[in-house]
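Below is one structure, written out as structure tokens; comments come after it.
The values are calculated or read from the model by the stated rules, or taken from the named source; none is laboratory data. Everything quoted here is computed from the prediction, not taken from an experiment. In this analysis, Cβ positions are derived from the backbone assuming ideal geometry, glycine residues included, and neighbour counts consider all displayed protein chains. Quick note on the areas: whole protein, heavy atoms, side chains included, nothing else; ligands and nucleic acids left out. Shrake-Rupley method; radii C 1.70, N 1.55, O 1.52, S 1.80 Å.
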Amino acid sequence: MEKYAVALAGGGSKGIYQIGAWKALDEMGIEFEAVTGTSIGAINGAFMIQGDLQKACDMWKNLRMDQCVRLPENVELSSDNLLDRQHAGIILREMIRHGGMDQSPMLALLSSYIDPAAIYESSVDYGLCTFSLRNRSSLKIWKQDIPGERFFSYLLASSALPLLRQVKLGDDVYLDGGIGDNLPFDMLRRKGFRNIIALDIRGIKNRTIQTDRLRISHICNSLDLGPLLDLSPELMARNFELGYLDAKKTFGLLDGIHYSIPVQDYQHLLTAYDAGVLPGLEQAALLYEMPRDRVYSADEFIRTLRLYRERSVEKYETARKQIDADGIIAAVRNGSLQKLRRMPSGVRLALLMELMSDVKKNGSKWSIPLKFFRDVDLSAEALLHLDS
């Protein structure tokens, strides 16, 4: 089997997505010849070079915020999300008094899980990206140029988010590598690697990857992974599963646009429905907020979609008078979308399906800005096929 070089993006607590993807790659028997990373990607990359997936899973699945930053005495966080508005005062005081939050607990945690000697002895190359404040540019450095006694300092330098204390190395101060390059796959390209797995963590509207004749397998999230520093157990478990499923989809072991379905089952659905219907059904499932962190068989997907649709219709019938559906439809026809955007997606789909039905029945397409609802229109058409 071909070996791959891997580039891992930064993304704070969303980095557990990469560990889920690594689990899938490990099950596929994929081997690495080089790994680069930025911020949390640099930390996850160190685990990958060490070759200990179980240790990485153990650390991530038991991670607490007090293991990442030192909290002031007698201070307890009101949630698992450090960037919650209620914690703004704590963060601000630490930044004013100490130049940022102390990440020494993270240093202690990493020291208990990562063995630098194993990384330096590994035949797999390793590099990371941080940002030099003095030069105002990225520093991309390989393990052979990182002094062994400063390995953990470089890891912290790569992951020094703006709310954390800056890391000083020699005469320079370093900040989070994501400031300059959040996905350092160019480090691999410049070393001549061509089979590259780009393990991204990104907002839905982030940049595209320039392939430059590289053979890139791009594993990235199509679903928002949540806040940058949220360790809520439910969110972490979901993001781990999403990484696992997305990696399998990228390598052709699962299929689906928004949902994960075995390849043969997906082909069965494509055969069962007319062209364009299946993407519409997936879009409808998305609007109904069907869970995406699991694998659906063909029958399970259709059965679950019907169930969510029935629930949504029941909610809509109950809520129709309360939300003044007629008034909202009239407002939408006049171009006002404010109330519509604030609705739960399932209720919004039911209302728009009613509106679309009226538009098509009366042939008055000019009276509604249809261009805003193309996905809903696709979903509505697909659901009509589901009923037939």
Could you state the per residue volume, in Å³, of the convex hull enclosing the Cα atoms of region 1-123? 115
Label model pair residue 317, residue 66: point-to-point distance (7 angstrom along the Cα→beta-carbon line) in nm is 5.1
Using a basic spin-label model with each label point 7 Å from the Cα along Cα→Cβ, how many nm lie between residue 112 and residue 166? 3.1
Projected area, mean over directions - region 77-217, Cα convex hull, nm²: 10.8
Taking 0.36 nm per intervening residue step and subtracting the Cα-Cα distance, what contour gain separates residue 26 from residue 190 on full extension? 56.5 nm
By how many nm would the segment from residue 272 to residue 33 lengthen if fully extended, with 0.36 nm per residue of separation less the alpha-carbon distance? 81.8 nm
J(HN,Hα) series, region 141-146, from Karplus relation 6.51 cos²θ - 1.76 cosθ + 1.60, nearest Hz, glycine and proline x: 10, 9, 4, 5, 9, 9
Span per principal axis, largest first, for the Cα atoms of region 82-125 (Å): 46, 20, 19
Which of 61/248; 14/315; 14/140; 143/248; 61/168 exceed 28 Å between C-alpha atoms? The answer is 14/315; 143/248; 61/168
Relative contact order of region 119-179, please, whole-number percent, based on alpha carbon pairs below 8 angstrom and at least 6 residues apart. 37
With every protein chain in place, what's the accessible area of residue 288 (1.4 Å probe, Å², nearest 10)? 20
³J(HN,Hα) across region 298-313 via Karplus (A = 6.51, B = -1.76, C = 1.60, θ = phi - 60°), whole Hz, x for Gly/Pro? 4, 5, 5, 4, 5, 4, 5, 4, 4, 4, 5, 5, 4, 4, 5, 4
